[in-house]
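Input: a single structure, listed below in structure tokens.
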Amino acid sequence: MLEYGVRVTEDGDLFVGGMEVDYSALARDAGTDRRVARQTAERITKDPFLFSIFSRLTPVGSSLLQVVSRIGCSAIIIEADPRAAGVISSVAGVLSLHGIVVRQALADDPDMVEEANLTLIVEGPVDGGVIAELEGLDSVRGVTVRK
């Protein structure tokens, strides 16, 4: 529910943005039964802390990762310590020095994703020199580029 920004109303209804989502659709995606989805929404409405979070969620937007080749972009996937300060800054600094424009930046939440990465969608191709500089950053453990 956090990943998609599923919002829960006081009545236990589910929304992504302004679009209502039925329990069956959520359950299919989560690999569970619709009754579990309904019970989860009901539990959220009864827990003040959970409701304070899930009643305010909004979707972040669409990831361009799966369409980079179709839109003339590349994806740079950075493996780094997601709790280290300055990862985004140091990576963006290298890209800026090479005149590479970042179209989208997606950082996985380390509390939600076991192998949290930073994914940058950039305009055009990325040459080996840029990749080598990124790999040379202290905070970076690995770099993958998709075209």
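The values are calculated or read from the model by the stated rules, or taken from the named source; none is laboratory data. Because the structure is a prediction, the values reported are computed rather than measured. All Cβ positions, glycine included, derive from the backbone under ideal geometry; neighbour counts span all protein chains shown.
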For region 20-79, which residues satisfy the criterion of being over 30 Å from Leu134 (Cα atoms) and of a type in the set (Ser, Thr, Tyr)?
Tyr23, Ser24, Thr32, Thr40, Thr45, Ser52, Ser55, Thr58
Among the candidates Asp138, Asp109, single out the residue that is closer than 30 Å to Met19 by Cβ and either loosely packed, with under 11 Cβ neighbours inside 10 Å or assigned by TED's automatic domain parsing to the domain that holds Gly18 (or both).
Asp109
Under 9 Å between Cβ atoms, which residue pairs at least 6 apart in sequence (or on different chains) link something in region 108-137 that is at positive phi with a partner that is of a type in the set (Val, Ile, Thr) and surrounded by fewer than 16 Cβ atoms within 10 Å (Cβ to Cβ)?
Gly124/Val101
So which helices (runs of 4 or more DSSP H) are wholly in region 1-104 and hold at least 2 residues that are within 19 Å of the chain's Cα centre (by Cα) and under 26 Å from Leu118 (Cα atoms)?
23-30, 48-54, 87-97
Out of region 74-106, which residues are in contact (Cβ under 8 Å) with a residue 24 or more places away in the chain, hydroxyl-bearing (Ser, Thr, Tyr) and either exposed (fewer than 14 other Cβ atoms within 10 Å of the Cβ) or in contact with a helix residue (DSSP H, G or I) (Cβ under 8 Å, 6 or more places away or on another chain) (or both)?
Ser74
Hey, could you check region 45-73 for residues that are of a type in the set (S, T, N, Q) and either exposed (fewer than 10 other Cβ atoms within 10 Å of the Cβ) or out of contact with any Leu (no Cβ under 8 Å at 6 or more places or on another chain) (or both) and say which is nearest to Gly124 (Cα to Cα)?
Ser69
Within region 121-128, does at least one residue satisfy the condition of being assigned by TED's automatic domain parsing to the domain that holds Ser69, over 17 Å from the mean Cα position of the chain (by Cα) and part of a helix (DSSP H, G or I)?
yes
Mind listing just one residue for me: the one in region 1-21 that is exposed (fewer than 13 other Cβ atoms within 10 Å of the Cβ) and either among the charged types (D, E, K, R) or in contact with a Leu (Cβ under 8 Å, 6 or more places away or on another chain) (or both) and, of those, farthest from Asp108 (Cα to Cα)?
Asp11
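One line per residue, one yes/no per condition, for (1) among the charged types (D, E, K, R); (2) modelled with pLDDT of 95 or more; (3) closer than 30 Å to Leu26 by Cα:
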| site | (1), (2), (3) |
| --- | --- |
| Val60 | no, no, yes |
| Val67 | no, yes, yes |
| Ala92 | no, yes, no |
| Ile100 | no, yes, no |
| Pro110 | no, no, yes |
| Pro125 | no, no, no |
| Ala132 | no, yes, no |
Spot the failing condition for Leu137; the list is (1) within 22 Å of Leu2 (Cα to Cα); (2) in a loop (DSSP other than H, G, I, E, B), and only one is missed.
(1)
